[in-house]
Amino acid sequence: MRVKKAIIPAAGLGTRFLPATKAMPKEMLPIVDKPTIQYIVEEAVESGIEDIIIVTGKGKRAIEDHFDNSFELEQNLLSKGKIELFNEVQKSSNLVDIHYIRQKEPKGLGHAIWCARKFIGDEPFAVLLGDDIVRAEKPCLKQMIEQYERYNASILGVQTVKDEDVSRYGIVDATEIGSRFYTVNSLVEKPKQEEAPSNLAILGRYILSPKIFDILGKQEPGAGNEIQLTDAIAALNEIEAVYAYDFEGVRYDVGEKMGFIQTTIEFALQHPELKTELLEYLSKIMEKELIK
């Protein structure tokens, strides 16, 4: 069965970006000229996903508005002959069929995924987390779908992280069975550095069997007293095979301030209208810092 549906959890409170996220969803914070969540949606579409459900929470209405038509704005742009901007504005509302459901209580990522169970039904599905943007020649999720079609089993998107960073992620103990491909032996959510089984971290991309919903429905709270998706995948791994794929591409962490700043700079440097001016500005800043 093809992977045609995807879940994008977007119900978090964005506490690491307060006060900016007091009234604005963190998923709407812009990387240059597009909100972070649009990069995620575009990756899903480019990977062949046909339907997306975004799991939102209170105060997230701006996400729905962004992917909806904006008649007044569009007519204003057309009347002023700003056709290129008009096309960009329309692009976000014409990408794909997007559906929404609210996570009424902040019970964790696993619970957010469980909230979308009726939308997914009895199909394999993708999960894309909004804190991770991946720039790759072939979209990250498309790479993983190709692996799913080969093995017909749940796939976790992983990359190696620094030893000191393992406590921030779900970590897999895995055995390499092919190029960039692993069978998963066990998983642990946010382990202490000295207790981590490896430094292969799950980085915001999953393809999962619908059997995960039965597990999530009975899942006890784990790390942070939340329903952890990693714990549910560990339970799934006991009844059917789960694999990990070390995807190709550069992953950007936009879920914390320094990563967000670095991502913005790197994306701006790849923007034809900004690159030269930004490089000149950064050079001047560096000169001033060196003089100090």
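Quick notes on this structure:
- Checking each residue in the stretch 116-137 for being within 17 Å of the chain's Cα centre (by Cα) and not in a strand (DSSP E or B) picks out 116, 129, 130, 131, 136.
- Subset of the stretch 38-62 (residues that are crowded, with 20+ Cβ neighbours inside 10 Å and part of a helix (DSSP H, G or I)): 38, 39, 40, 41, 43, 44
- Failed item in (1) of a type in the set (Lys, Arg); (2) closer than 22 Å to residue 242 by Cβ; (3) free of Cβ contacts under 8 Å to residues at least 12 places away in the same chain, with residue 117 passing the rest: (3)
- Residue in the stretch 159-177 that is in the same structural domain as residue 235 (by TED's automatic domain parsing) and on the phi > 0 side of the Ramachandran plot present: no
The values are calculated or read from the model by the stated rules, or taken from the named source; none is laboratory data. The shown structure was predicted, so the numbers you read here are calculated from the model rather than taken from an experiment. Using ideal geometry, Cβ is built from the backbone for each residue, glycine included, and neighbour counts are taken over all protein chains shown.
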